[in-house]
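Data block below; observations after.
The values are calculated or read from the model by the stated rules, or taken from the named source; none is laboratory data. Computed from a predicted model, the values in this text were never measured in an experiment. Because the Cβ atoms are built from the backbone with ideal geometry, glycine has one as well, and the counts that use them run over all protein chains shown.
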Amino acid sequence: MNPPSHSFVTGLRCLVCNAQYRYGNQLTCPACGIDGILDVQYDYDAITSIMTRDALARRKFDQWRYRELIPILPSAELPHLQIGWTPIYDVPRLASEIGIAQLSLKDDGRNPTSSFKDRASAVGVLKAKEFGFHTIACASTGNAASSLAGLSAAVGLRSVIFVPQRAPEPKVTQLLIFGATVVRVRGTYEEAFDLCRVSCNTYGWYDRNSGTNPYLVEGKKSAGLEIAEQCASDLPDWVVVPVGDGCTIGGIGKGLQEMKKIGFIKRVPRLLGVQAQGARPILDSFRSGGHLVPSVPDTLADSIAVGTPRNWRRAIEQVKASDGTMISVSDEEILEAMRVTARLGGVFGEPAGVTGVAGLKRAVNEGMIKRNESALVIITGNGLKDIDSARRAAGNAIDIEPKSDLLEKSLRELSII
Ligand SMILES: *Cc1c(COP(=O)(O)O)cnc(C)c1O
Ligand SMILES: [Zn+2]
């Protein structure tokens, strides 16, 4: 299938062997198998002349304002929900807590289903429709699933979601309310994942299982495109991103590089990729320079608890291209980041969502980032997604009979009065 003449996609390139493929509904490089992640290529010269500042000034504030850099058909009917163009807040009190000159937060919990994943799912549902599918499927307990369920509802597609037996009830509820068919598999996540892949083949469903789908990361890229436009002349020295599978940081890096390529920014901020200590195979591979070694993940930050990440090459490639680095943080540091991000920044993030804040703090303490530098941290998911962790971070309410003297006693104990 050839792209329509007014699309700017020139083809797909394998990140492992560099082979070039024509645009189409192809997931990975046939020569390299599941490892051969494909990267969408564009005609940047043509885009430079069309996607100008003047042109952008007339467009809506969502991720489709960069449509030349997103592989969807010009005729695609866009979801009516607002995807992307999330706010960036300057947070000086959080900056001084962390010990850095300037800090801002980009709150991606403000997306329609409250996570960064909406950027990718929005592209996923449009690709499913373009390639003629009526049903889209994925295996996940987390934000990829709720986002897919929400975006499918928005564009009138059926969604089937495979969750492992131990999927948390609030997340399953978010899927069901959007009308997804939820299949609770009595087994592990891996078994749910396998059943999903087999079913996609058997029943002709579109496979949203990210990592291997080349188009989803092009949606995640929009956060990088936005940062370049929103910060313009005042670009931060560092952009800090939590890392699980590696698509998010890989996409953001690609977006920033593209904005440099087409002349919007003069330099690309350095990327700091942050993993949880209990799930850091990409960090280990970044340090060793060797092939990824899968591990068994163990962290409360469920959205980045990935032991076998698919997009590790893309993540490392982008971190290096930006002259950036990677770091890991403990669950205790993540819970602390939940508290300070909420209390000093006014933003309530889920554990993975605030992992960047924890990583920035550690990087500053270890001297990897200098105190006179500036940073922008992406908050990737809203804190209401994971109430159990939030409760662990937050502490307890004052619990008393309705009596003034009891209140006064408690307030004194807490040094409130
Ligand atoms: C998926 C996710 C991430 C990590 O993205 P990857 O592409 O897996 O690296 C970070 N935070 C949240 C909230 C997520 O849902
Ligand atoms: Zn290949």
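Among Gly246, Gly307, which is within 13 Å of ligand 1 (Cβ to nearest atom), within 26 Å of Lys361 (Cα to Cα), touching a Phe, Trp or Tyr at 6+ places or on another chain (Cβ under 6 Å) and not aliphatic (A, V, I, L, M)? Give the derivation first.
Numbers: Gly307 fails: touching a Phe, Trp or Tyr at 6+ places or on another chain (Cβ under 6 Å).
After ruling out the rest, the residue left standing is Gly246.
Is it the case that Glu226 is under 30 Å from Lys129 (Cα atoms), within 16 Å of ligand 1 (Cβ to nearest atom) and under 15 Å from the mean Cα position of the chain (by Cα)? If you could, list the steps in order and put the result at the bottom.
Details: under 30 Å from Lys129 (Cα atoms): yes; within 16 Å of ligand 1 (Cβ to nearest atom): no; under 15 Å from the mean Cα position of the chain (by Cα): yes.
The answer is no for Glu226.
Return a yes/no flag: does the range 303-320 have any residue that is away from ligand 2 (no atom under 16 Å from the Cβ), surrounded by fewer than 19 Cβ atoms within 10 Å (Cβ to Cβ) and under 23 Å from Gly109 (Cβ atoms).
For the range 303-320, residues away from ligand 2 (no atom under 16 Å from the Cβ), surrounded by fewer than 19 Cβ atoms within 10 Å (Cβ to Cβ) and under 23 Å from Gly109 (Cβ atoms): absent.
Among the listed residues Gly36, Gly11, identify the single one that is in contact with a Ser or Thr (Cβ under 6 Å, 6 or more places away or on another chain), within 14 Å of ligand 2 (Cβ to nearest atom) and either free of Cβ contacts under 8 Å to residues at least 40 places away in the same chain or of a type outside the set (Ser, Thr, Tyr) (or both).
Working: Gly11 fails: in contact with a Ser or Thr (Cβ under 6 Å, 6 or more places away or on another chain).
Of Gly36, Gly11, the one residue that is in contact with a Ser or Thr (Cβ under 6 Å, 6 or more places away or on another chain), within 14 Å of ligand 2 (Cβ to nearest atom) and either free of Cβ contacts under 8 Å to residues at least 40 places away in the same chain or of a type outside the set (Ser, Thr, Tyr) (or both) is Gly36.
Are any residues in the range 257-306 charged (D, E, K, R), under 30 Å from Pro170 (Cα atoms) and part of a loop (DSSP other than H, G, I, E, B), and if so, which ones?
Arg280, Asp298
Can you give me the number of residues within the range 195-216 that are surrounded by 14 or more Cβ atoms within 10 Å (Cβ to Cβ), in contact with a strand residue (DSSP E or B) (Cβ under 8 Å, 6 or more places away or on another chain) and either of a type in the set (Gly, Ala, Ser) or assigned to a helix (DSSP H, G or I) (or both)?
Final tally of qualifying residues: 7.
From Ser410, Ser415, grab the single residue that is more than 16 Å from ligand 2 (Cβ to nearest atom), part of a loop (DSSP other than H, G, I, E, B) and surrounded by fewer than 20 Cβ atoms within 10 Å (Cβ to Cβ).
Going through Ser410, Ser415 in turn, the sole match is Ser415.
Check off (1) within 16 Å of ligand 2 (Cβ to nearest atom); (2) free of Cβ contacts under 8 Å to residues at least 60 places away in the same chain; (3) closer than 17 Å to Ile70 by Cα for His291 and give me the number that stays unchecked.
All conditions pass for His291, except number (3).
From (1) within 14 Å of ligand 1 (Cβ to nearest atom); (2) modelled with pLDDT of 95 or more; (3) of a type outside the set (A, V, I, L, M), pick out the condition that doesn't hold for Lys320.
The failed condition is (1).
Given the structure, is Lys171 away from ligand 1 (no atom under 16 Å from the Cβ) and surrounded by fewer than 23 Cβ atoms within 10 Å (Cβ to Cβ)?
no
Looking at (1) under 27 Å from Ser303 (Cα atoms); (2) more than 16 Å from ligand 1 (Cβ to nearest atom); (3) at pLDDT 95 or above; (4) in contact with a strand residue (DSSP E or B) (Cβ under 8 Å, 6 or more places away or on another chain), which one does Gln41 not meet, given that it meets all the others?
Tallying (1) under 27 Å from Ser303 (Cα atoms); (2) more than 16 Å from ligand 1 (Cβ to nearest atom); (3) at pLDDT 95 or above; (4) in contact with a strand residue (DSSP E or B) (Cβ under 8 Å, 6 or more places away or on another chain), Gln41 fails exactly one: (1).
Of everything in the range 108-137 that's within 12 Å of ligand 1 (Cβ to nearest atom) and hydrophobic (A, V, I, L, M, F, W, C), which residue is nearest to the chain's Cα centre (by Cα)? I'd like the intermediate steps shown before the answer.
Step one: of the range 108-137, the residues within 12 Å of ligand 1 (Cβ to nearest atom) are 108-109, 111, 113-121.
Going one step further and asking which of them are hydrophobic (A, V, I, L, M, F, W, C), we end up with 116, 120.
Numbers: Phe116: 4, Ala120: 8 Å.
It comes out as Phe116.
Conditions tested, residue by residue: (1) closer than 30 Å to Ala228 by Cα; (2) in contact with a His (Cβ under 6 Å, 6 or more places away or on another chain); (3) part of a strand (DSSP E or B); (4) among the small types (Gly, Ala, Ser).
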| position | (1), (2), (3), (4) |
| --- | --- |
| Ala342 | yes, no, no, yes |
| Val347 | yes, no, no, no |
| Ala358 | yes, no, no, yes |
| Arg371 | yes, no, no, no |
| Ile378 | yes, no, yes, no |
| Asp388 | no, no, no, no |
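As an exercise: evaluate Ala228 against (1) surrounded by fewer than 20 Cβ atoms within 10 Å (Cβ to Cβ); (2) in a helix (DSSP H, G or I) and give the number of the one condition it does not meet.
(1)
Anything in the range 70-100 that is of a type in the set (A, V, I, L, M), closer than 26 Å to Ala352 by Cβ and either assigned to a loop (DSSP other than H, G, I, E, B) or touching a residue at least 24 places away in the same chain (Cβ under 8 Å) (or both)? List them, or say none.
Within the range 70-100, Ile70, Leu81, Ile83, Ile88, Val91, Leu94, Ile98, Ile100 meet the criteria.
Being among the hydrophobic types (A, V, I, L, M, F, W, C), at negative phi and free of Cβ contacts under 8 Å to residues at least 40 places away in the same chain is true for just one of Ala192, Ala228, Ala232. Which residue is that?
Ala228 is the lone residue from the list that is among the hydrophobic types (A, V, I, L, M, F, W, C), at negative phi and free of Cβ contacts under 8 Å to residues at least 40 places away in the same chain.
Touching a residue at least 40 places away in the same chain (Cβ under 8 Å), more than 27 Å from Leu69 (Cα to Cα) and of a type outside the set (D, E, K, R): which single residue out of Ala315, Ala301, Ala321 fits that description?
Ala301
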